[in-house]
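A short worksheet on the structure shown next.
Just so it is clear, none of the values below were taken in a lab; they were calculated from the coordinates. As the structure is a computational prediction, the values presented were derived from the model and not from experiment. Methodologically, a virtual Cβ is constructed for each residue, glycine included, from the backbone with ideal geometry; neighbour enumeration extends over all protein chains shown.
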Amino acid sequence: MSISPTTQPSVLPLSGLIGAELPGIDLAAPLTDDVVAHIKTALTDHGVVVFRGQHIGPSEHVALARALGEIKYPPDYFPETLREQGFPEVGVISTDNQLAYMTDMWHADVTWMPNPPRYSILHMQQLPPAGGDTMWASQYAAYDWLSDPMKQFLEPLTVRHELPGFPDRGTVHPVVIRNPISGRKALFVNKVFSTRILELSKEESDALLAFLAVHTVRPEFICRVRWTPGDVGIWDNHYVQHYAVADYRPHARRIHRIEIVGEPTISAGA
Ligand code: SIN
């Protein structure tokens, strides 16, 4: 697909506040600069984009990832990759390797690092007969819907994120971050990795994190994708949380994922 100046590329919103399908793009074709710019703009505007029924393999998946940035390879301890097929950058999340049963929680990926992955790119491989949807929650909307006094209270605060069970693997992020491209502000707190708001007492921090865990994933902030074979989904991991709905046991589900290196988070006040 190429986009001429007179053609307005199509964007079909998936909900009122987050997500869009981008029809008319064949990811098996060489990616033009226009298409890549269209995808990046849609990610900035909608947080999540979905391409239906793509006939691609790992090499096109990798080409798409390279077009969006520098690939972040799965860590050594990742249970399964396509290394033996020549694609070590592709991680496999499946019921066979059990990872599919660890992603049914609201979270953003690897926020315990100073520069969490920026984009995550999924390619659906095997679907259960029903279920196995993925949900995403807009953290821009989560910020926008707060009252002004609450926004002012949260903006100077910082929060520690840790890999559960590994207190030496952690970092500190602003509670409210800013997208350097659009200037939009977003909450950057999630239930899996955020452990303590540093400027508050433990009791205050626990209470505030409990409120934010509920607030950040309000139904109004969510889109939900019912996958079809070959679908590709990309999200902006700095501004979106996700949850893989595990409602399909005992059936199998398998998805390939590539992540893109992210920049360090930027405080909303910086
Ligand atoms: C993930 O958490 O990256 C996996 C999402 C999914 O399997 O739908």
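May I have the convex hull volume per residue, in Å³, for the Cα set of the stretch 7-101? Mind dumping the intermediate values first?
Numbers: hull volume 12.9 nm³, N = 95.
Each residue corresponds to 136 Å³ of Cα convex hull volume.
Measuring max minus min along each principal axis, the C-alpha atoms of the chain give extents of 53, 47, 32 Å (largest first).
As an exercise, use a Förster radius of 45 Å and the Cβ-Cβ distance of Thr32 and Arg83 to find the FRET efficiency, rounded to the nearest 0.05. Present the calculation step by step, with values, prior to reporting the outcome.
Values: r = 30 Å, r/R0 = 0.67.
Once rounded, the FRET efficiency stands at 0.90.
Each principal axis of the stretch 168-270 carries a Cα extent, and these read 46, 34, 33 Å when sorted largest first. Residue separation of Tyr73 and Val245 scaled by 0.36 nm, minus their Cα-Cα distance, works out to 59.4 nm of gained length. Estimated purely from DSSP H runs of n ≥ 4, each contributing -39500 (n - 2.57), the mean residue ellipticity at 222 nm for the chain is -5500 deg cm²/dmol once divided by its residues. If you wrap the stretch 47-134 in the convex hull of its Cα atoms and look at it from every side, the mean projected area works out to 6.9 nm². Using equal-weight Cα scatterers in the Debye expression, the normalised intensity of the stretch 65-214 in log10 at q = 0.12, 0.13 Å⁻¹ is -0.62, -0.72.
With only the Cα atoms considered, the stretch 140-215 has a convex hull volume of 97 Å³ per residue. In summary, the lysines within cross-link reach of Lys185, defined as a Cα separation below 20 angstrom excluding same-chain residues under 8 places away, comprise Lys40, Lys151.
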